[in-house]
Amino acid sequence: MTEEYVQAFVHESEEQLTDLNNSLLALESDPDDQEAMDDIFRTAHTLKGNFGAMGYDDASNLAHAIEDLLDELRQGEMAVTPEVMDLVFAGVDRLELAVESIDEDGTVDVETGDLEDDIRTVIENGGATSENGDADADAGSGEADADAAAAPDQVDTFDVTVEIGESEMKGVDGMLVLEAIREECDLVSATPEPETIENGAYADGFDLVVASTTADELRATLDRISAIEDATLSQAGSDGVANGDTAADDDTSAGADDSPTDGDTASGDTGDGDSDGGTGGKTGETNGSSREISSVRVDVDQLDDLHGLVEQLVTSRIKLRRAVDDGDVGSATDTLGELDKITGSLQNTVMDMRLIPMRKVISKFPRLVRDLAREQEKEIDFRMEGQDIELDRTILTEISDPLMHILRNAVDHGIEPPEEREAAGKDREGTIELRASRERDHVTVTVEDDGRGLDVDELRRKALEKGVRTEAELDSMEDTEVYDLVFHPGFSTADEVTDVSGRGVGMDVVHSTVKQLDGSVNVESEHGEGTTVTLRLPVTVAIVKVLFVEVGDEEYGVPIKNIDEVSRMPTVETINEQPMIEHDEDIYPVVDLASELDVPGETANGDSMLLRIRKSERRAALRCDAVNKQEEVVVKPLEGVLSGIPGLSGTAVLGDGNIVPILDVVTL
């Protein structure tokens, strides 16, 4: 099995499993949702066929058992109960672990037989679950029948070349072909993509990869499709011809029913529906840690734009070399101007290509909330908005765990048990909303719940008890400042440690991760009404405009977006031994960079410069010796032992090779 086939299978199986999880959640909330039931059955059927086609028989057997159980639900032979849904979710979790194992070493190193037996037993018992998972003693023959039913039909994968010929409605004919094949067999992939075929955007035909029990069965299916003028098929991955047909030359790999299979689906959005320790029993088999998004979808128009820019880049390089060889300074200067425009456009295009919809990460959260609510016997309505808002791949991967921590806190600390909510005059069912919106170059992600909220007095008591703040400091703090104490490492309001929370870790990770991404996090709450956590994140990674300043013998960078004004040093007044300046009747403390950063060398005394920081960031003014220039740079965050140093957000490498520290004006 080639690596290309395996990776395409992994990517698309992850996507299918995420869709299956969400469809199962829709069915659980509304057992009469026929559309959800049809989606579930179709996805489970496709997964079974794909596992079998790739040779992973154990996982295919489990998927087949899940499919049979779902068929019982679809036919009305079995009721949609929480216990049955727990079993289905457990099966999906086990398949996710199987896919992760395949991704790591190409094999299924996961036990599936025990869960398959449990599912078969439930089917035999008509939906009644037994504690030990075994059938009754008198069901021996039934077990044999179930074992026989558990063995799926052997399926093979075939490359099929379809010729439509002359047609006035190529899109309709293409759609008829795809639908007919989906009804009779498993459509693994198509080249071009199914959507393109259904739009009629192909030449005389197209290539398919189809899973079928035999070549004869597939040939019979093709012969029944009137829209096909001619078709050839061959065993996938071989040079031989099935049933004497000419082999089709198609390298498309195994994947999903009607999903594209270019290997461009994100792989970071499945496999962790249950966060660490978030669920118990049968539904707690996935690990909950985020996986890096290893692939992205790229629009063809963006690839064309990129190709055009590269062509311009090559042309400008040739012109620049010729100008240098001829000693034509004027022409070289003009060409450098062209290169500046081209590289700017190239940067924008590449940044746009890295943007991924948030659904790639947050689509796993409904399952997470469901499992936590089931474990804690709470009733929760979880809603999501803005799933199509796009973020850079790196940022999206990094915020997966912080969002998971916030949701876990909302379920565990925020939403009350149904009885407690009723006693407080609330609905038994709590609500958690995750919303995303974009504002220019930033994305705001909000998690809001209507739970018990934060008790300011309790936060103060805990902070004093744990030595986080002194009593005097706590008395002088506003409520909004007290809420921020939840981000302090080791701080927790839980009275006991559970699998979900109580250890004082989680929210500090949220704060540190968001700050490393050059974002901000804010908490608002009203006791008894609920809590809102808001994350403000940059859309793309840190290519920022920076103002370079001199302090003694050193040079530092300050992000221009944080600066409100640059001026000569004005009159400074001292209040409580702290130098201050006044601007528009507001007082700004003066931060001397030389003393704060312990800069070596002589510094300017009276003839210095002042950078007044935007009030939205921090009410302060930075004193430096001189202002040099502004430039766009790539900011690399500090890692390892250097991460979290107050006053520093990262470093930038300049064109001359020098490394310049970039200041964090908030923590300075």
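The values are calculated or read from the model by the stated rules, or taken from the named source; none is laboratory data. Treat the numbers as computed from the prediction; the structure is a model and nothing was measured. Every residue, glycine among them, receives a Cβ derived from its backbone with ideal geometry; neighbour counts consider all protein chains shown. Accessible surface is based on the protein model in full, side chains and every heavy atom, while ligands, DNA and RNA are left aside. Shrake-Rupley method; radii C 1.70, N 1.55, O 1.52, S 1.80 Å.
Exactly one residue out of PHE158, PHE89 is aromatic (Phe, Trp, Tyr), under 22 Å from VAL10 (Cα atoms) and at pLDDT 85 or above: that is PHE89. Taken as a whole, segment 419-434 holds at least one residue that is of a type in the set (A, V, I, L, M) and surrounded by 20 or more Cβ atoms within 10 Å (Cβ to Cβ). Within the option set ASP57, ASP19, being at pLDDT 85 or above and under 22 Å from the mean Cα position of the chain (by Cα) holds for one residue only, ASP19. Yes or no: GLU311 more than 17 Å from the chain's Cα centre (by Cα), within 27 Å of VAL88 (Cβ to Cβ), open to solvent by 70 Å² or more (accessible area, probe 1.4 Å) and of a type outside the set (Gly, Ala, Ser)? No: the conditions fail for GLU311. None of LEU474, LEU407, LEU459 is closer than 20 Å to LEU372 by Cα and without any contact (Cβ under 8 Å) to a residue 60 or more places away in the chain except LEU407. For segment 7-17, a tally of residues being touching a helix residue (DSSP H, G or I) at 6+ places or on another chain (Cβ under 9 Å) and open to solvent by less than 10 Å² (accessible area, probe 1.4 Å) returns 6. Of the residues GLU632, GLU602, GLU582, the single one that is at pLDDT below 85, closer than 15 Å to GLU554 by Cα and either surrounded by fewer than 12 Cβ atoms within 10 Å (Cβ to Cβ) or out of contact with any Pro (no Cβ under 8 Å at 6 or more places or on another chain) (or both) is GLU602. Scanning segment 548-581 for residues that are of a type in the set (Asp, Glu) and farther than 18 Å from GLU596 by Cβ yields ASP564, GLU565, GLU573. Looking across segment 69-99, the residues that are in contact (Cβ under 8 Å) with a residue 40 or more places away in the chain, among the acidic types (Asp, Glu) and surrounded by fewer than 21 Cβ atoms within 10 Å (Cβ to Cβ) come down to GLU72, GLU77, GLU83, ASP86. Among the residues of segment 503-518 satisfying the criterion of being closer than 15 Å to ARG408 by Cβ, open to solvent by 20 Å² or more (accessible area, probe 1.4 Å) and not in a helix (DSSP H, G or I), which is modelled with the lowest pLDDT? Here the residue is ARG503. Reported count of residues in segment 365-385, each being over 23 Å from LEU20 (Cβ atoms) and surrounded by fewer than 21 Cβ atoms within 10 Å (Cβ to Cβ), is 3. Scan segment 23-52 for residues that are more than 19 Å from GLU100 (Cβ to Cβ), open to solvent by 20 Å² or more (accessible area, probe 1.4 Å) and either more than 23 Å from the chain's Cα centre (by Cα) or in contact (Cβ under 8 Å) with a residue 40 or more places away in the chain (or both) and the total you get is 13.
So is ALA203 modelled with pLDDT under 85 and not in a helix (DSSP H, G or I) or not? Against the criterion (modelled with pLDDT under 85 and not in a helix (DSSP H, G or I)), ALA203 qualifies.
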